[in-house]
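Chemist: Sharing a structure, written as structure tokens. Questions coming.
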């Protein structure tokens, strides 16, 4: 059993509600960056919804004025992974996530105006939880003391 699991962030090509580009946000991330996982139980598509966010980098003036950190959403954990992690979060287990890797891929679309090739940033996250190990099916197993 492993101490962590690796998972893709999904929904990375959508824009955020504030109009910010998830692709741009992911493009500014690097391996090891700390991520914030936020439960979203009212998500209409997934009752176990978990947003994956990063803290926006703050300038000197913002820190000086003690402005609250701003979260930027990268996407969501997949329904499968979220179904394993949401119950842990709901029980108060401390779940951590960091950027494991940023991959570059190409999305090819052919339409009336020809073929369009778009470069896409994909993000893999490493997830770990206090006193939890993960089996090969990504099921959490409480570690014995």
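Since every read-out is calculated from the coordinates, none of them should be taken as a lab result. Worth saying up front: this structure is predicted, and the values here are computed from it rather than measured. Positions of Cβ are generated from backbone atoms using ideal geometry, with glycine treated the same way; all protein chains shown enter the neighbour counts.
Chemist: Just want the ordering: 54, 13, 136, from fewest to most Cβ atoms lying within 10 Å of their own Cβ.
Modeler: Details: 54 21, 13 15, 136 7.
Result, fewest neighbours first: 136, 13, 54.
Chemist: Tell me, 77, 142, 71 in order of fewest to most beta-carbon neighbours within 10 Å? Could the numbers behind the result be given before it?
Modeler: Values: 77 26, 142 12, 71 15.
With the fewest neighbours first, 77, 142, 71 line up as 142, 71, 77.
Chemist: Also: Calculate the FRET efficiency for residue 70 and residue 94 from the Cβ-Cβ distance with a Förster distance of 22 Å, rounded to the nearest 0.05. The partial results should precede the final answer.
Modeler: Working: r = 22 Å, r/R0 = 1.02.
Taking R0 as 22 Å, the efficiency between residue 70 and residue 94 is 0.50.
Chemist: Going by how many other Cβ atoms sit within 10 Å of their own, how do 127, 25 line up, fewest first? Intermediate results must be reported in sequence, preceding the final value.
Modeler: Values: 127 26, 25 20.
Fewest-to-most ranking of 127, 25: 25, 127.
Chemist: Can you compute the modelled spin-label distance between residue 13 and residue 47, with each label point 7 Å from Cα toward Cβ, in nm?
Modeler: Going by the 7 Å Cα→Cβ label model, 3.0 nm.
Chemist: Mind giving me the FRET efficiency for residue 103 and residue 2? R0 is 25 Å, r the Cβ-Cβ distance, nearest 0.05 is fine. Numbers along the way, then the final one.
Modeler: On the way: r = 21 Å, r/R0 = 0.83.
Result of the calculation: an efficiency of 0.75.
Chemist: For residue 83 and residue 33 in one chain, what is 0.36 nm times their gap in residues minus the Cα-Cα distance, to one decimal in nm?
Modeler: Values: separation 50, 0.36 × 50 = 18.00 nm, distance 2.38 nm.
My answer for the length gained is 15.6 nm.
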